[in-house]
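Below is one structure, written out as structure tokens, with a few remarks after it.
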Amino acid sequence: MARHPRHSLHLAAALLAAFTTFSAAAQSGNTNSEAAKVLRIGYQKSGLLAVLKAQGSLDDKLKPLGYSIKWFEFPAGPQLLEALNANSIDFGYTGAPPAVFAQAAGVRFVYVGAEPSGRHAEAILVKGDSALRNVADLKGKRVALQKGSSANYLLLEALKKAGLRYEDVNAVYLPPADARGAFESGSVDAWAIWDPYYASAQHALKARTLVDYAELNNPWNFYEATPDFAQQHPDVIGAILGQLRTAGVWVNEHPAETAALLAPKVGLDQKVVETWVRRYPYGTTAVTDEIVRSQQIVADAFYGAHLIPQKITVKDSVWQNREVASALAAK
């Protein structure tokens, strides 16, 4: 039986040390004016930011504003938000739950944009020969997942629908690479994970999908920034979100071409990449009141399960700009 996790978002000491080293090097090697013109973006293997990086289209968009970009890849949302909190990046992209955990832990960030998530883009997996046939069978079993990730919410909601409590399973908190190793070795019974790790496991491990978001509340994904950067540079935020929306339209219309572009960048088979690209209905938008209400449902669910230490108000961390919202709506 899993115990309630500690009521805090644990900062990864090694990660923060690495970013602290980077920050010190950046400050020693640049003047203040030069540093102010470098946009530091955190991204993951999936998502439109990875597309923009591969295309180089955002670099072209920001050049007229005097910015260059430094890109930093993260294995999951919680680690990315830790870097935002350490002021080691300015902008990033995560699922809904990492932002909830971060807000509950007092991390300094703001939601600046949103992206619809795919109902089939993450799942709870079991091996092909597993005796587990439904979510109810997970009772008393070991489930690997990244704590505070979108997969964490999938597990919570799936258990609830099956009439189980979160404590009825043994949650094993591991980052994606370690979770895959545990899944392959059989040291865990199931794995809650998102694309592209999900598509890769289907392809390489012949993993079987126990449940996805098909019949569950499907949260949004989010773009986040440090509060200072969003307040001081709304033009840059608007340019990024605008380019993301443009890229999303292109990806929706050209999934095969997108897969060909991304596959060599992320080191995955092109068929695997195309599988996860087709699972997302890209469409960058401003954070509307409706999206805030959706995210509040996620936050309340984690609080109700005692997975975050306090009830939070999502709107307290939302950045809204009328001009940026109007520009996105017009695209």
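Look through segment 182-218, keep the residues that are assigned to a loop (DSSP other than H, G, I, E, B) and in contact with a strand residue (DSSP E or B) (Cβ under 7 Å, 6 or more places away or on another chain), and return whichever of them is farthest from Arg133 (Cα to Cα). Spell out how you get there, then give the answer.
To start, the set of residues in segment 182-218 that are assigned to a loop (DSSP other than H, G, I, E, B) comprises 186-189, 195-196, 206-207, 216-218.
Pick out the ones that are also in contact with a strand residue (DSSP E or B) (Cβ under 7 Å, 6 or more places away or on another chain) and you get 188-189, 195, 207.
Numbers: Val188: 16, Asp189: 12, Asp195: 22, Ala207: 13 Å.
For segment 182-218, the residue satisfying everything is Asp195.
With the structure loaded, tell me whether Ala230 is in contact (Cβ under 8 Å) with a residue 12 or more places away in the chain and not assigned by TED's automatic domain parsing to the domain that holds Val100 or whether it fails that test.
Working: in contact (Cβ under 8 Å) with a residue 12 or more places away in the chain: yes; not assigned by TED's automatic domain parsing to the domain that holds Val100: no.
Criteria not met by Ala230.
Assess whether Thr209 counts as being assigned by TED's automatic domain parsing to the domain that holds Gly66, out of contact with any His (no Cβ under 7 Å at 6 or more places or on another chain) and among the β-branched types (Val, Ile, Thr).
Details: assigned by TED's automatic domain parsing to the domain that holds Gly66: no; out of contact with any His (no Cβ under 7 Å at 6 or more places or on another chain): yes; among the β-branched types (Val, Ile, Thr): yes.
Criteria not met by Thr209.
Does any residue of segment 209-226 turn out to be within 14 Å of Gln55 (Cβ to Cβ) and either more than 20 Å from the chain's Cα centre (by Cα) or of a type outside the set (Lys, Arg) (or both)? Outline the logic, then answer.
Initial filter on segment 209-226 (within 14 Å of Gln55 (Cβ to Cβ)): none.
No, because not a single residue in segment 209-226 is within 14 Å of Gln55 (Cβ to Cβ) and either more than 20 Å from the chain's Cα centre (by Cα) or of a type outside the set (Lys, Arg) (or both).
Which of the residues that make up segment 293-313 are out of contact with any Ser or Thr (no Cβ under 9 Å at 6 or more places or on another chain), of a type in the set (A, V, I, L, M, F, W, C) and either farther than 27 Å from Leu164 by Cα or assigned to a helix (DSSP H, G or I) (or both)?
Ile297, Val298, Ala301, Phe302
Which residue out of His254, His306 is free of Cβ contacts under 8 Å to residues at least 12 places away in the same chain and not aromatic (Phe, Trp, Tyr)?
Values: His306 fails: free of Cβ contacts under 8 Å to residues at least 12 places away in the same chain.
Being free of Cβ contacts under 8 Å to residues at least 12 places away in the same chain and not aromatic (Phe, Trp, Tyr) holds for just one of His254, His306, which is His254.
I'm checking my understanding of the structure. Among residues of segment 134-163 that are in a loop (DSSP other than H, G, I, E, B) and buried (at least 17 other Cβ atoms within 10 Å of the Cβ), which one is nearest to the chain's Cα centre (by Cα)? Even if it seems obvious, please write down each step before you answer.
Step one: list which residues in segment 134-163 are in a loop (DSSP other than H, G, I, E, B), which gives 134, 139-141, 146-149, 162-163.
From what is left, the residues that are buried (at least 17 other Cβ atoms within 10 Å of the Cβ) are 146-149.
On the way: Gln146: 11, Lys147: 12, Gly148: 10, Ser149: 7 Å.
Here the residue is Ser149.
Any residue in segment 312-330 that's more than 12 Å from Val292 (Cβ to Cβ): show its pairings with residues that are surrounded by 14 or more Cβ atoms within 10 Å (Cβ to Cβ) and of a type in the set (D, E, K, R) at Cβ separation under 7 Å, as long as the two are six or more apart or on different chains.
Leu328/Arg245
Among the helices (runs of 4 or more DSSP H) lying completely within segment 45-130, list those that include at least 3 residues that are within 27 Å of Ser200 (Cα to Cα) and not charged (D, E, K, R).
Details: elements: 48-55, 57-62, 77-85, 96-104.
Of the helices (runs of 4 or more DSSP H) lying wholly inside segment 45-130, those with at least 3 residues that are within 27 Å of Ser200 (Cα to Cα) and not charged (D, E, K, R) span 48-55, 77-85, 96-104.
Would you confirm whether any residue within segment 176-184 is among the acidic types (Asp, Glu), under 19 Å from Ser46 (Cα atoms), in the same structural domain as Gly267 (by TED's automatic domain parsing) and at pLDDT 95 or above? Give the steps one after another, and end with the answer.
Going through segment 176-184, the residues among the acidic types (Asp, Glu) turn out to be 178, 184.
Checking which are under 19 Å from Ser46 (Cα atoms) leaves us with 178.
Still in the list and also in the same structural domain as Gly267 (by TED's automatic domain parsing): none.
No, because not a single residue in segment 176-184 is among the acidic types (Asp, Glu), under 19 Å from Ser46 (Cα atoms), in the same structural domain as Gly267 (by TED's automatic domain parsing) and at pLDDT 95 or above.
If a residue has to be outside any helix (DSSP H, G or I) and in contact (Cβ under 8 Å) with a residue 60 or more places away in the chain to count, how many in segment 259-287 make the cut? Talk me through it step by step, then tell me what you get.
Kept after step one, since they are outside any helix (DSSP H, G or I), are these residues of segment 259-287: 267-269, 278-287.
Within this subset, residues satisfying the condition of being in contact (Cβ under 8 Å) with a residue 60 or more places away in the chain are 268-269, 279-287.
Here the count works out to 11.
The values are calculated or read from the model by the stated rules, or taken from the named source; none is laboratory data. Everything quoted here is computed from the prediction, not taken from an experiment. Reconstructed Cβ throughout: ideal geometry from the backbone, glycine too, with neighbour counts over all protein chains shown.
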